[in-house]
Amino acid sequence: MRRILALACAMALPAAIHAQQPNVQVQSPDLHGSRQLEKLTEASVIRDYLESWQTLDQALDQNQAQLLGADFAGTALGKFTDTITDQTKYGIHTRYTERGHNLQIVFYSPDGLSIQIIDTVDYDEQVMNGEKVLATQPMHARYVAVLTPSQTRWMVRVLQTEAQ
């Protein structure tokens, strides 16, 4: 009996972990007049971009702006640092639960120093005071992201919603 229970728990754990991961769809790049995109570069950009969302989720939930520095630069870093400062001032934090990303790379600069991604994201946004949920809202938004390379990874320099 114990063996069956252990086997059931072992099978349920990966399913529980997988259930927390967002569904990610990547469209073929649609590059017009920009640099050719290599598969390895494409994979690195997508990986680093999705990891930046996880970092953003943690930073906003914990009100820890220093977490952003590994994944964000420029205006994106400034914007999210300011958001965390405001949240801390008001005694709240925000929790994001990503449900899905639909990504497409639309531009790769000729000098290789920037890539633009369009991302249609579905997520739940919860505004919290401690563990008390003040508001929950399902979100469906289209983001424009610009990433630039650093020494070890692609960093998000711009992340903004498009007007719908």
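Here, each number is a calculation from the coordinates, and none is a lab measurement. Note that the structure is a prediction, hence the values are computed from the model and not measured. All Cβ positions, even for glycine, are placed from backbone atoms using ideal geometry, and neighbour counts span all protein chains on display.
Here are some notes:
- Each residue of region 98-110 is assigned a 3J(HN,Hα), and the resulting list reads 6, 9, x, 10, 10, 9, 8, 7, 10, 7, 9, 4, x Hz, derived from the Karplus form 6.51 cos²θ - 1.76 cosθ + 1.60 (θ = phi - 60°), x at Gly and Pro.
- GNM result for the chain, Cα springs below 10 Å: residue of ASP71, ASP119, ASP86 fluctuating most strongly: ASP86
- Residue exposure proxy: VAL127, VAL133, ordered by other Cβ atoms within 10 angstrom of their Cβ from fewest to most, comes out as VAL133, VAL127.
- Using a Förster distance of 30 Å, the FRET efficiency for TYR90-VAL144 (Cβ separation, nearest 0.05): 0.60
- Within the chain, the longest segment free of exposed loop sites, counting GluC sites (Glu not before Pro) that fall outside DSSP classes H, G, I, E and B and have at most 12 other Cβ atoms within 10 Å, spans 39-130.
- Cα gyration tensor, the chain - rounded (a/c under 1.5), prolate or oblate: oblate
- The chain: most fluctuating residue of LEU134, LEU113, LEU40 per GNM, C-alpha cutoff 10 Å: LEU40
- Close amide H pairs (under 5 Å, H built 1.01 Å from N) link ARG99 with ASP122, TYR123, ASP124, residues at least 5 positions away or on another chain.
- Taking label points 7 Å from Cα along the Cα-to-Cβ direction, VAL26 and THR161 give a separation of 2.7 nm.
- Region 48-92: relative contact order in percent, alpha carbon pairs under 8 Å with at least 6 residues between: 34
- Net lengthening on full extension, THR81/LEU113 (0.36 nm per residue, minus Cα-Cα): 9.1 nm
- The label point for ARG99 and the one for GLU38, both projected 7 Å from the Cα toward the Cβ, are 3.8 nm apart.
- Helix-only mean residue ellipticity at 222 nm for the chain, each DSSP H run of n ≥ 4 adding -39500 (n - 2.57), per residue, nearest 500: -12500 deg cm²/dmol
- Considering only ALA76, ALA135, ALA65, the Gaussian network model of the chain with Cα springs below 10 Å gives its largest mean-square fluctuation to ALA135.
- Relative contact order of the chain, pairs being alpha-carbon contacts under 8 Å that are 6 or more residues apart, as %: 23
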